[in-house]
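This report refers to the structure that appears directly beneath it.
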Amino acid sequence: MEDKKILIRSALIIISFLLLLLLFAQDYTIRGYVKTNIKAGEWESTVQTLNKFGDGWIQAVITIIMIFAGYFKKKANLLKTGKYSLFAIIAAGIAVQIIKHIIGRPRPTLTDAGVSNFGPSISIGLDSFPSGHTASSFALAAVLSSAYPNGRYIFYSLAGIAGLSRIYLDSHFASDVFAGAILGTAVGLLFVWRMIRQPHQQ
C-alpha cells in the first residue's frame, strides 16, 4: 500500500513537471491567443475584481476574521482552520518570493521591450515565476477544502479564477500560474497535514 502511494506521488510529480515544461514552451503562444481572441475592454473591470481573490492582504483578512470568529464563538474547528490558512498563505508567499528572485524571470510586458534574461535579481519586473497570487490562492483553497470538503469545488474554482485572471491581465505567463498553483497546493497540503495532526481542542 505504501509503495503504491509513493508510486502515485512520484507519477504526479513527473506529470506536473512535464506539464510545466509544456506550458513553458507554449507561453508566448498562449499569451498571444489570449490577447488576440479573449482579451476585451468590457471584461477588464470584471477580471480586475476577480483578480482580487488572489490578493494576499484580502486572504489574510479573511483568515483573521475566521480566527476571531472561531475564538469568540468558541468554534475550535473554525479557529484552527483560520490559523492554518493564515500560516499557509504566509508560507506560500515567502516561498514564492524566494523562488521569484532566484529565477528572475521577466514579466510578460517586459519581454515586449526585449528583456529576456533569467537569473537572480531583485529588480522590479524580474519576478514573474511563479505567480504569487495563484500560490496563495491555492494554499488557502487546500486548507479550506480539507476543513470544509463540501466547498472544495468553490474554493479551488476561486483559486483557479485568481490564477487565470493573472494571465488575462498580462501579469504572468501560463507556466507562472501553473507553477504557482502546484506550489500553493503543496504548501497548503503541508499545513493540512499539520492541522490534522494537531489534537482537537475545545
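Of all the options 62, 161, 13, the one that moves most in a Gaussian network model of the chain with Cα springs shorter than 10 angstrom is 13.
Could you tell me what fraction of 2.2 N^0.38 Å the Cα radius of gyration of the stretch 2-197 comes to, as a two-decimal ratio?
Numbers: Rg = 17.6 Å, N = 196, 2.2 N^0.38 = 16.3 Å.
Compactness ratio reported: 1.08.
Annotation: extensible slack from residue 44 through residue 9 equals 8.7 nm (criterion: 0.36 nm per residue apart, minus Cα-Cα distance). For the pair the stretch 9-67 / the stretch 150-187, the C-alpha centres are spaced 4 Å from each other. Backbone phi angles across the stretch 146-153, fed through the Karplus curve with coefficients 6.51, -1.76 and 1.60 (θ = phi - 60°), yield HN-Hα couplings of 5, 6, 10, x, 5, x, 4, 5 Hz in residue order; Gly and Pro are listed as x. For the options 105, 31, 166, a Gaussian network treatment of the chain with springs between C-alpha atoms closer than 10 Å singles out 31 as fluctuating the most. Calculated on the Cα set of the stretch 1-101, radius of gyration then Dmax: 19.6, 53 Å.
Rule-based calculations on the coordinates, nothing more; no lab input. This structure is a prediction, so every number in the text was calculated from the model and none was measured.
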